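The values are calculated or read from the model by the stated rules, or taken from the named source; none is laboratory data. This structure is a prediction, so every number in the text was calculated from the model and none was measured. Methodologically, a virtual Cβ is constructed for each residue, glycine included, from the backbone with ideal geometry; neighbour enumeration extends over all protein chains shown.
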Amino acid sequence: MEKHFYLSKIKMVGVFILMILLTLAVAVMMVSMVVSEEGIPIVTFLFLGLIFLLFAWCTYFIGKKLFSDEPNVTVSPKGITLYGTQNPGFIEWDDIDGFFPYLYQRNRLLGVILKDEEKYIDNLSSTGKRLARMNQKMGFPSFNISMNLLKEEKAFLEALAENEAPFFIEGDSESM
C-alpha cells in the first residue's frame, strides 16, 4: 500500500514568513541606501541586490511548495518516490543500497544511497544535476529527505521499516 508523506504546513509557514521578512529587510536596506543623501557604495548595493534576489527566489519556491498538494515522499512496496524538481522521482527498492541519517547545519537529513546514482542523475533537469553533483562534491548522498520539515516523521520511518529498508547507521534511524 502506498503511503504519502507531506511537509508540515506549520513549519513551512514559519519558514515562509521568515523568508518574507528577510527579503523585506534587504529591500528596506536597499531603498534606504537610495534615498540617503550619502553616496551609494555600488559594490554594497549590488551585493544587497544579489541577496535580495536570492531571498526572493527562495521565498517563491518555499511558497510554491507550501501551497502545493504534492507529497514530499511516497513509500510503496515497489519503491520510494521523491518529489520535486531536484529529485529523481520513483526509485525501485532494488536500486537502493540503504538510507543514511545525518545532521548537517542543524538539519536532520536522510540520505538515499543508490547502487547507481548516475542512472538517476542523468534524468534530472540541469538544476537537479547541479544540486546532486554539489551534494556529491561535499561528500553527501546525491538525494536527501529533510526530516526537519516532514509532518509524520515517525510514520515515515515505520513505513521504511515495513519495507525492510536498510539503514547504514541503525542506532541513528531511531533517534531521528
Please tell me if Pro88 is crowded, with 17+ Cβ neighbours inside 10 Å, in the same structural domain as Ile169 (by TED's automatic domain parsing) and in contact with an Asp or Glu (Cβ under 8 Å, 6 or more places away or on another chain). no
Can you tell me which residue among Leu21, Leu82 is assigned by TED's automatic domain parsing to the domain that holds Leu157 and of a type in the set (A, V, I, L, M)? Leu82
Cβ pairs under 6 Å, 6+ apart, first in the range 56-76 and free of Cβ contacts under 8 Å to residues at least 40 places away in the same chain, second outside any loop (DSSP other than H, G, I, E, B): Ala56/Thr23; Cys58/Met19
Considering only the range 47-71, how many residues are outside any helix (DSSP H, G or I) and loosely packed, with under 14 Cβ neighbours inside 10 Å? 3
If I go through the range 52-68 residue by residue, how many of them are more than 20 Å from Asn144 (Cα to Cα) and not aromatic (Phe, Trp, Tyr)? 5
Looking at the range 1-46, which of the residues that are hydroxyl-bearing (Ser, Thr, Tyr) and exposed (fewer than 15 other Cβ atoms within 10 Å of the Cβ) is modelled with the lowest pLDDT? Ser36
